[in-house]
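Notes follow the structure.
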């Protein structure tokens with residue numbers, strides 16, 4: 001089953017075991033939609049029930065089952081937070097999850113540019129990190145006027161031009 005990393009556990013919040021989860025995509029409300037998350041750290045992985053989630057600056061405040069005090073919450077600091085892709089609601093028509101672009105082939109009018117290996121979320125624009133056939137990493141803003149077609153099912157991102165590529 002495909003897992004999507006949403007972010008990481010930051011600091012403990014309050015005395016009753018809530019944690020601040022810093023999200024890769026701060027506007028995401030996926031933690032409000034799923035019943036469980038996978039926490040991954042140096043000691044391994046564990047699946048934990050999400051009891052509640054509410055927005056905060058740069059992420060969500062989350063109450064996890066079995067984490068009932070500040071000390072237990074603090075021990076989770078730094079853990080990566082993942083969800084099963086199947087647990088997320090299907091996107092609306094014309095929408096997609098940024099994580100669904102990983103592995104997509106990128107083409108421009110001249111041919112293959114490379115493969116999407118990462119999606120970066122910046123304050124002003126999201127970008128695709130593309131590994132070229134030569135192994136070079138380039139970045140492409142995920143915005144008009146550079147993007148022509150995004151075909152998640154066909155695993156293809158077609159660019160109108162290569163002028164937006166940042167080397």
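The values are calculated or read from the model by the stated rules, or taken from the named source; none is laboratory data. Predicted model only: the values in this text are computed from it and were never measured. Here Cβ is always computed from backbone atoms with ideal geometry, including for glycine, and neighbour counts include all displayed protein chains.
Counting only residues that are in contact with a helix residue (DSSP H, G or I) (Cβ under 6 Å, 6 or more places away or on another chain) and within 23 Å of residue 71 (Cα to Cα), how many does segment 14-41 have?
3
I want to confirm something. Restricting to segment 101-110 and keeping residues that are more than 21 Å from the chain's Cα centre (by Cα) and not in a loop (DSSP other than H, G, I, E, B), which single residue is nearest to residue 7 (Cα to Cα)? Can you show your working first?
Here is the first cut: in segment 101-110, the ones more than 21 Å from the chain's Cα centre (by Cα) are 107-110.
From the residues that got through so far, the ones that are not in a loop (DSSP other than H, G, I, E, B) too are 107-108.
Details: 107: 29, 108: 31 Å.
Checking each candidate, the answer is 107.
From 31, 102, 98, 76, grab the single residue that is modelled with pLDDT of 95 or more and either surrounded by 17 or more Cβ atoms within 10 Å (Cβ to Cβ) or in the same structural domain as residue 140 (by TED's automatic domain parsing) (or both). Even if it seems obvious, please write down each step before you answer.
Numbers: 31 fails: modelled with pLDDT of 95 or more; 102 fails: modelled with pLDDT of 95 or more; 98 fails: modelled with pLDDT of 95 or more.
After ruling out the rest, the residue left standing is 76.
Can you say whether residue 7 is touching a strand residue (DSSP E or B) at 6+ places or on another chain (Cβ under 7 Å), part of a loop (DSSP other than H, G, I, E, B) and outside the structural domain of residue 120 (by TED's automatic domain parsing), as far as the supplied structure shows? If you could, list the steps in order and put the result at the bottom.
Working: touching a strand residue (DSSP E or B) at 6+ places or on another chain (Cβ under 7 Å): yes; part of a loop (DSSP other than H, G, I, E, B): no; outside the structural domain of residue 120 (by TED's automatic domain parsing): yes.
So residue 7 fails the test.
Considering only segment 146-167, state which residues are touching a residue at least 40 places away in the same chain (Cβ under 8 Å), within 21 Å of the chain's Cα centre (by Cα) and not in a strand (DSSP E or B).
Answer for segment 146-167, where residues must be touching a residue at least 40 places away in the same chain (Cβ under 8 Å), within 21 Å of the chain's Cα centre (by Cα) and not in a strand (DSSP E or B): 152, 155.
Do you know which residues across segment 111-145 are assigned to a loop (DSSP other than H, G, I, E, B) and modelled with pLDDT of 95 or more? Step through it out loud before you land on a result.
Narrowing segment 111-145 to residues assigned to a loop (DSSP other than H, G, I, E, B): 122-125, 132-136, 142-145.
Selection gives 132, 133, 134, 135, 136.
Residue by residue, here is whether (1) out of contact with any strand residue (DSSP E or B) (no Cβ under 6 Å at 6 or more places or on another chain); (2) closer than 14 Å to residue 23 by Cα holds:
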residue: 47; (1), (2): no, no
residue: 51; (1), (2): no, no
residue: 63; (1), (2): no, no
residue: 69; (1), (2): yes, no
residue: 74; (1), (2): no, no
residue: 80; (1), (2): no, yes
residue: 87; (1), (2): yes, no
residue: 90; (1), (2): yes, no
residue: 96; (1), (2): yes, no
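May I ask you to say which residue of 163, 108, 69, 151 is within 30 Å of residue 43 (Cβ to Cβ) and either outside the structural domain of residue 42 (by TED's automatic domain parsing) or surrounded by fewer than 17 Cβ atoms within 10 Å (Cβ to Cβ) (or both)?
Details: 163 fails: within 30 Å of residue 43 (Cβ to Cβ); 108 fails: within 30 Å of residue 43 (Cβ to Cβ); 151 fails: within 30 Å of residue 43 (Cβ to Cβ).
Result of the check over 163, 108, 69, 151: 69.
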